[in-house]
Every structure is written in C-alpha cells, then in structure tokens.
Amino acid sequence: DLIDPYNKYNLKKGRDLLILGGVKRLLESKTVVKVMHACLQDSAAFICQFGITLQNVFVTQCADRALSVSRGNYFPQPQPRGLDRVVQTYGHSKHSSKNYKEFWSRRRHVQTFWSRRPLPDKALQYAAQDALVLIPTLYINLKRTLESSSIARVFYEEFLFENIHNKGRYENEAKQTR
C-alpha cells in the first residue's frame with residue numbers, strides 16, 4: 001500500500017504509520033539509502049508536519065543539476081529536469097509512465113490535483129512507475145558519474161542542502177501560508 005499521511009479520510013492511520021509504524025525511523029535512518037527524484041515539497045511536509053528530517057537521501061534531480069553545472073551549464077542556472085529527461089540521459093530505458101503523458105500533461109505538476117484525496121488510481125500508478133525507474137540503474141549511473149567529478153559532488157551537496165536540510169526555509173514558508 002502507498003503510505004499517504006495526508007489521506008483526509010484516515011489522517012490518524014497515516015500519521016500512526018509514519019510515526020509508530022517505523023516509517024519515520026526508516027526515513028531518518030543514516031544507514032538506509034533512500035532514492036528520490038524531486039523531494040523539496042515532500043521534505044518540507046515531513047519536517048513541518050511530522051518532525052521528520054530525511055537522512056541519507058540520494059536525490060536524482062539534484063545529481064542531474066550538479067552534473068550539468070559542473071559541465072559549465074551554470075548561466076542561467078539550469079532548471080531542474082523532470083524524471084523522464086534524467087532517465088533518458090542516465091537510465092537504460094524509457095520512463096514507463098510516458099504512457100500516461102497525455103493524461104498527465106495538464107495535471108501532474110498542479111498542487112491542487114495532488115492534494116486531492118483519495119488519490120485516483122491513475123495517480124497511484126503514475127507515482128509507482130516513477131519510483132520503479134529510480135532503482136537500481138538511475139541511482140547507480142548518477143552516483144557513479146557524480147563520484148568521478150569532485151566539482152559535481154560539491155554542487156550536489158549544495159543542491160541537496162537546499163532540497164532536504166534547509167529546515168529554516170521550510171519553517172518560514174509554513175508560517176507565511178498560515
């Protein structure tokens with residue numbers, strides 16, 4: 001089952017699963033690698049709403065941006081690329097969720113769509129397919145490429161901080177939206 005702490009139909013169950021069910025321990029573990037593509041909003045929600053700080057996360061979008069900047073593509077700063085593009089560059093196959101491209105072209109980045117609960121089955125399928133392309137090939141290829149460039153590693157750490165560990169930024173944003 002998908003872990004959805006924001007399911008308004010059973011918020012207590014989602015919160016209990018995160019906190020009491022061991023998911024918090026997993027997300028904060030420094031020994032288990034978690035691979036995500038774009039996790040800025042997820043990280044902010046975990047910090048502000050559940051007090052969970054992601055640890056030992058490899059963010060493929062941050063790795064892709066760091067590699068781009070390290071190759072001299074820094075003015076203007078490159079926009080983060082979507083998972084499809086990153087998979088095309090560093091993965092071994094086409095992103096399987098491309099089958100949903102037409103259906104999602106207007107919906108996938110709209111926050112109000114993703115905030116609706118329960119999520120439609122197609123949204124769950126889309127999210128699951130996104131997760132499947134991250135491991136192992138994309139993660140291994142990006143990690144190996146990052147490790148071969150000390151400059152890219154520096155940029156990666158900077159982008160990672162912006163996306164994961166900048167707790168003050170999330171707290172300020174949360175106050176502004178109240």
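The values are calculated or read from the model by the stated rules, or taken from the named source; none is laboratory data. If you're wondering where the values come from, they're calculated on a predicted model, not measured in any experiment. All Cβ positions, even for glycine, are placed from backbone atoms using ideal geometry, and neighbour counts span all protein chains on display. Just the protein is used for accessible areas: all its heavy atoms, side chains included, with ligands, DNA and RNA removed. Shrake-Rupley method; radii C 1.70, N 1.55, O 1.52, S 1.80 Å.
Some points to look at:
- Filter pass, Glu171 being modelled with pLDDT of 85 or more, open to solvent by 30 Å² or more (accessible area, probe 1.4 Å) and out of contact with any Gly (no Cβ under 7 Å at 6 or more places or on another chain): no
- Exclusive hit being touching a Gly at 6+ places or on another chain (Cβ under 8 Å) and either modelled with pLDDT under 75 or buried (at least 17 other Cβ atoms within 10 Å of the Cβ) (or both), set Leu146, Leu138, Leu160, Leu142: Leu138
- Selection from segment 15-46 of residues that are among the aliphatic types (A, V, I, L, M) and under 14 Å from the mean Cα position of the chain (by Cα): Leu27, Val33, Val35, Met36, Ala38, Leu40, Ala44, Ala45
- Filter pass, Thr112 being open to solvent by 50 Å² or more (accessible area, probe 1.4 Å), more than 20 Å from Phe161 (Cβ to Cβ) and at pLDDT 75 or above: no
- Test: Phe50 is of a type outside the set (D, E, K, R) and more than 19 Å from Glu157 (Cβ to Cβ): yes
- If you filter segment 8-62 down to residues that are in a loop (DSSP other than H, G, I, E, B) and of a type in the set (Lys, Arg), you find that the one that is modelled with the highest pLDDT is Lys30.
- Pair list, Cβ under 9 Å, 6 or more apart: segment 132-149 residue free of Cβ contacts under 8 Å to residues at least 24 places away in the same chain, other residue part of a helix (DSSP H, G or I): Glu147/Arg153
- Note on segment 37-67: residues that are open to solvent by 30 Å² or more (accessible area, probe 1.4 Å), in contact (Cβ under 8 Å) with a residue 40 or more places away in the chain and touching an Asp or Glu at 6+ places or on another chain (Cβ under 7 Å) total 2.
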